[in-house]
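Okay, so here's the structure we're looking at.
The values are calculated or read from the model by the stated rules, or taken from the named source; none is laboratory data. Quick caveat, the model's predicted, so the values are computed rather than measured. Positions of Cβ are backbone-derived with ideal geometry, glycine not excepted, and every protein chain shown enters the neighbour counts. Please note that ligands, DNA and RNA were not included when accessible areas were found on the heavy atoms of the full protein model with its side chains. Shrake-Rupley method; radii C 1.70, N 1.55, O 1.52, S 1.80 Å.
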Amino acid sequence: MNQYQVPVVWSPTTREHDPLHEVWVGVATIGTEVAARVDAILSAVTGSGFRQVEATPHADDVLARVHDPALLTFLSGAAERWRQGPYADLVGQTRVVSYLFPTPAMTAGLPTRPAVAIHAEAGTYAYDTMTVVGPGTWAAARAAVDCALTAADLVLAEERLAYALCRPPGHHATPAGFGGSCYLNNAAVAAQALRDGGHDRVAVIDIDAHQGNGTAAIFYDRADVLYGSVHVDPGAGWFPHVVGYADETGTGDGAGATRNAPLPEGAADGPWLEAVGGLADWAVAEGCTALVVSLGVDAAVDDPESPLLVTVDGYRAAGALLGATGLPAVAVQEGGYHLPSLGGLVAAYLEGHSGLVPRA
Ligand code: SP5
Ligand code: ZN
């Protein structure tokens, strides 16, 4: 019997981003978005149902259509500027972390200039203290974009499902900002590539535990890329805190093309799958011809970063629901931080989506 093999697109360069720590509530905590995630996933998506594909380098053109050039310039040069500064001597710190954020609370309507010092300029682009920039961050984030673009190429060449093992993740990266462990928005790049490749309407369905505020922002005023997300309720105190409410549905041309399905803590499989199914039906009803799945597995029971309590069978069933749309799909890795279970959750989702195992 012919069995479908899901291409697993990855790049060894994605291991070069090594945050060491995340500054959270003023303390340098042990990093959660670590390089070992790549290998935890790779070692699980093996066997006859998968085939590994190494990402190929792609030009910046699609990336530049979803991000402000100032963000790309800043991120690509930040680690080297930090290295050339006094920071190693002053604080023994090799990662870029801003101490200042020039939000409207500071600028208050005054005319402003770019900060000259990188320890202040970083706050123009960074919106949290957790998402640090180190020597390998740009190379890894850019390699993750190549993973997404290579997976999109495969789907444009008639593959029905391609998985991009992107790391660092991307869905919290906004047009001109980084945060939430994300630097470049891999899923948005994949969606834009599918649009450019001839799909008139593309849906991004985000099943990471957190609302993908970056992807939402990139497409909020566009009708050609739908954004739908199921996530833990920001109103219950969860990241991204200030957006991701159900009444945020798009603006201008994009009115009605955004859907947010916030869930209470402890929701578990039933309500979560109902929301995933609702988003899948919506993408089909709206006439989308291709899908990008922001595949975060941090909604799972053992994950330290969310309280949603979804099981591995839940992830398999979510895959089946999105696979049942019949739409060609790029699945892009987002969050998921429990190293022992991470790979199994990704494999279960992909098995469900590709129909490698019968649906429950
Ligand atoms: C891609 C993704 O899943 N990003 C997660 C963004 C949410 N991060 C919020 C972190 C809250 C602090 N958790 C404690 C971490 C201690 N190291
Ligand atoms: Zn997440």
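For this structure, a couple of remarks:
- For the chain, calculated [θ]222 nm from helices alone, where every DSSP H run of n ≥ 4 adds -39500 (n - 2.57): -11000 deg cm²/dmol
- For region 233-326, the residue among 252, 287, 240 whose Cα projects farthest onto the positive side of the dipole built from Cβ charges is 287.
- Length-normalised contact order for the chain - Cα pairs under 8 Å, 6+ apart - percent: 18
- Length gained when the stretch residue 268-residue 70 is fully extended (0.36 nm per residue, less Cα-Cα span): 67.2 nm
- Folded to 0 to 90 degrees: helix 339-354 orientation relative to the chain principal axis, Cα: 40
- Region 192-309, relative contact order [Cα under 8 Å, separation at least 6], %: 32
- Accessible area of the chain belonging to carbon and sulfur atoms, whole % at 1.4 Å probe: 56
- Sites residue 160 and residue 224 - FRET efficiency at Förster radius 25 Å, r taken between beta-carbons, to 0.05: 0.70
- Accessible area per residue in Å² at 1.4 Å probe, computed on the chain: 39
- Taking one quarter of the surface of the convex hull spanned by the alpha-carbon atoms of region 96-249 gives a direction-averaged projected area of 10.5 nm².
- Here the chain is treated with +1 on each Lys and Arg Cβ and -1 on each Asp and Glu Cβ, and its dipole about the Cα centre works out to around 480 debye.
- Debye-sum result for region 204-360 in log10 I(q)/I(0), which assumes one identical scatterer on each alpha carbon, at q = 0.10, 0.19 Å⁻¹: -0.30, -1.14
- Across region 160-169, rounded Karplus estimates of 3J(HN,Hα) from the backbone phi angles (6.51 cos²θ - 1.76 cosθ + 1.60, θ = phi - 60°) give 8, 8, 10, 10, 9, 7, 7, 7, x, x Hz, Gly and Pro being marked x.
- Residues of region 203-219 with amide N under 15 Å of a point placed 7 Å along Cα→Cβ from residue 101: 213-214
- Principal semi-axes in Å for region 257-325 [√(5λ), Cα gyration tensor, largest first]: 22, 12, 10
- Anisotropy class of the chain from Cα gyration tensor, a/c 1.5 cut: prolate
- Among beta bridges that DSSP assigns inside region 1-63, antiparallel share in %, nearest 5: 45
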